[in-house]
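Values in this text are rule-based calculations from the coordinates and carry no lab data. A quick note: this is a predicted structure, and the numbers were derived from the prediction, not measured. Methodologically, a virtual Cβ is constructed for each residue, glycine included, from the backbone with ideal geometry; neighbour enumeration extends over all protein chains shown.
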Amino acid sequence: MIHIEKISLLRGEISVGGDKSISHRAVMISSIAKGDSVIRNLLRGEDCRATIDAFKNMGISVNTGADGNTIIRGKGLKGLKQPEGNLYLGNSGTSMRLLLGILAGQDFKAVLKGDLSLSKRPMKRVTHPLMLMGAEIEGADSANFAPITIYGRPLKHISHKSLIASAQVKSSIMLAGLYADGKTMVTEPYKSRDHTERMLTLFGADINEEGLTISIEGLGGKELKPRQIDIPADISSAAFFIILGTIVKDAEINIIRCGINPTRTGIIKVLKDMGADIELVNKAGDFEPIADIIVRSSTLKAVKVLKEQVPSLIDEIPLIALCATQAEGTTLIEGIGELRVKETDRVNSILTNLKAFGADIEVGGDTFIIKGPKRLQGASVESFGDHRTAMMSIIAGCIADNKTIVNNSDCIATSFPNFMNILKAHAR
C-alpha cells in the first residue's frame, strides 16, 4: 500500500533503470551466442530475473562483475541443457513467449509455468506458428494457456502473417528461425518494436526488412558472436516522469541516457501533438539510439491517437489516458483491445481507477473517450496486480487534491523497483 499526497513541483536530473525489453533480449541472445557477452545497465526487476533464472536452470553462467556489469557465458545455439524441473517465469509474458521460440529448436523437453496472471494470457499467437515450424507443444486450449510443455524438434522455415502487431510474436518466431532451415519471414499489420532485429543483427544474424516483413536466415551450423551491450534507460519507465513533468504546474526535469528507439517513442509524438514542452538533447547511439529528455510543465490540448500508432506506445496508454484528463477537449485513443490481455485487463483497470479519481472517461468499442481538463480528487484504488496500473495511479495521486492510496503496490517491482525512491527524491 502506498500513500500519495499532491505535489507542487518536480525538479532535477533523473536516471531510470535499463530498458526491460532490451534486458530480456540481451540475456536470451547472449545465452545462445558462443562466448562471453558483457551487459551494462541490465534491469534487475522481477520479470528480467525470471529470464535470468530460466537460463541459469538451463546451464548458463550469469554473473555480476566488480564494475556492476553482467557477464553471460553463452554456450551456442545448441548449448542449453534440459532444465531441472519446470521453468517458472512469474508474471513475465516476454520471458514465456520469447523463450518458447528458443526452446522450439532444442533437443529436449521443457515445461513453462507462470503465476495466475500469466497463466491467463494468450499464448496460441506464439505456439501456433511454432508448431507450424515443427515444434511439438502442449497446453490448455490447444496450447493457448500455461503451463505449456514444449518438445524441441528440427524446425522448418515459414512465412507467417501476424494478425496483430506484436514484438513478442515476431521475436519468438525470429528466434526459432535461427534454428530453421532456410529463410523465416514474419509480416505484421503495423510495425512493432524492433529490439530483437537490432540485437540479432549485432550478434551476427542475417536479418532483412522489407516494409512490414522481417526475414531471418537459419544459421545452419554457424553461431552468434558474443558482444558488449550498453542498455539504455527504459522509455516506458521514463514515461511516468515525462507525464508527471508535463502535468505538474512547476516542473523541469532531465531524464538522462534514455532509449529513443523510433518504435518506442510514440509517447513523445503524442505528447508533442498535445502541446507538451519536450526536448531531446545529446543524441547518440548506434545499436539503440539514446538521448537526454528535457520535460517542462505544459498546457495541453486533446488529440486523437490512431490504431496504427498503438504498437509504438502500447505500454504508455495508461499514462496518455491520465494526461488526457488534463487536456482541453476530447481525446480519443483507438485500438486499445490488446490492453485487455496484458498483466490484467488494462482497459478495465484504467477506466476504473481514473473514474475513481473523478475523470470523465468512457470506453466505446476499442476506443477510450476522455474529456478534459478535469480536476482530479484523491481516491483509494487497486493496482489490479499490474505494475503499470499501479504507477499510473500514483502519478494521478501526485496531481489530485487530498490523499491517494494505491493498494497492493508490490507489483511495481516487476519492472521499476526504484520508482518510489526516484519520485520521492525529485517531487515536492
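Arrange the peptides 50-61, 135-146, 232-243 so that the one whose residues have, on average, the most other Cβ atoms within 10 Å appears first.
Ranked from most to least packed, the peptides come out as 232-243, 50-61, 135-146.
With θ set to phi - 60° and the Karplus curve 6.51 cos²θ - 1.76 cosθ + 1.60, what are the ³J(HN,Hα) couplings of segment 312-326 in order, to the nearest whole Hz, using x for Gly and Pro?
With the stated coefficients, segment 312-326 comes to 8, 8, 4, 6, 9, 4, x, 6, 5, 4, 4, 4, 5, 5, 9 Hz.
Hey, can you grab everything whose amide H is under 5 Å from the amide H of LEU376? Only 5+ residues off in sequence or another chain; H modelled, so Pro and N-termini drop out.
Residues meeting the amide H criterion: ASP401.
Work out from phi, with θ = phi - 60° and the Karplus expression 6.51 cos²θ - 1.76 cosθ + 1.60, the ³J(HN,Hα) of each residue of segment 293-309, listed in order in whole Hz, and give x for Gly and Pro.
Once rounded to whole Hz, the list reads 10, 9, 10, 10, 3, 9, 9, 10, 10, 5, 9, 10, 9, 7, 4, 6, 7.
Which distance in Å, rounded to a whole number, links the C-alpha centroids of segment 1-59 and segment 248-262?
Between the Cα centres of segment 1-59 and segment 248-262 lies a distance of 19 Å.
Principal axis lengths of the chain from Cα atoms, whole Å, largest first?
60, 47, 40
Which of rounded, prolate or oblate describes segment 289-358 when judged by the alpha-carbon gyration tensor and an a/c cut-off of 1.5?
It comes out oblate by the Cα gyration axes.
On C-alpha positions alone, give me the angle between the axis of helix 387-399 and the longest principal axis of the chain, in degrees, nearest 10.
For 387-399 against the chain, the angle is about 20 degrees.
Applying 1/(1 + (r/R0)^6) with R0 = 41 Å to the Cβ-Cβ distance of SER380 and ASN208, what FRET efficiency is obtained, to the nearest 0.05?
Working: r = 52 Å, r/R0 = 1.27.
Calculated transfer efficiency: 0.20.
Using only alpha carbon pairs under 8 Å that are at least six residues apart, calculate the relative contact order of the chain and give it in whole percent. Before the final figure, lay out each step's value.
Values: 1027 pairs, mean separation 75.4, N = 428.
It comes to 18 percent, rounded to a whole number.
Cα centroids of segment 301-353 and segment 61-118: how far apart, whole angstrom?
32 Å
For MET1 and ASP277 in one chain, what is 0.36 nm times their gap in residues minus the Cα-Cα distance, to one decimal in nm? Present the calculation step by step, with values, prior to reporting the outcome.
Working: separation 276, 0.36 × 276 = 99.36 nm, distance 3.27 nm.
Length gained between MET1 and ASP277: 96.1 nm.
So, in nm, how far is label ARG428 from label ASN86 when the simple model puts each one 7 Å beyond its Cα toward the Cβ?
Placing both labels 7 Å along Cα→Cβ, they lie 5.1 nm apart.
With axes computed from alpha carbons, what is the tilt in degrees of helix 93-103 against the longest principal axis of the chain, rounded to the nearest 10 within 0 to 90?
Taking the Cα atoms of the chain, the angle to 93-103 is about 10 degrees.
Rounded to the nearest 0.05, what FRET efficiency is calculated for SER159 and ARG11 with R0 set to 45 Å and r the Cβ-Cβ distance?
On the way: r = 52 Å, r/R0 = 1.16.
Here the calculated transfer efficiency is 0.30.
Using a Förster distance of 60 angstrom, determine the FRET efficiency expected from the C-beta separation of GLU328 and LYS78, and round it to 0.05.
0.55
Extension gain ALA284-ASN418, at 0.36 nm per residue separation less the Cα-Cα distance, in nm? List each step's numbers first, then the result.
Numbers: separation 134, 0.36 × 134 = 48.24 nm, distance 2.52 nm.
Answer, rounded to one decimal: 45.7 nm.
When 1/r is averaged over all different Cα pairs and the result inverted, which Kirkwood radius in Å belongs to segment 20-227?
Kirkwood hydrodynamic radius for segment 20-227: 16.7 Å.
Answer rounded, prolate or oblate for segment 207-312, using the Cα gyration tensor with square roots of eigenvalues a ≥ b ≥ c: rounded when a/c is under 1.5, else prolate when a/b is larger than b/c, else oblate. Could you put the intermediate results ahead of the total?
Working: a/c = 3.58, a/b = 1.78, b/c = 2.01.
Oblate, because a/c is 1.5 or more while a/b does not exceed b/c.
What distance in nm separates the two pseudo spin-label positions at GLU138 and GLU308, each 7 Å out from Cα along the beta-carbon direction?
With each label point 7 Å from Cα toward Cβ, the separation is 4.5 nm.
For ASP360 and ASP181, calculate 0.36 nm times their separation in residues minus their Cα-Cα distance, and state this gained length in nm to one decimal.
Gain on extension, ASP360 to ASP181, equals 59.1 nm.
Treating the angle as unsigned and between 0 and 90°, give the value, to the nearest 10°, between the Cα long axis of helix 20-32 and the longest Cα principal axis of the chain.
Taking the Cα atoms of the chain, the angle to 20-32 is about 10 degrees.
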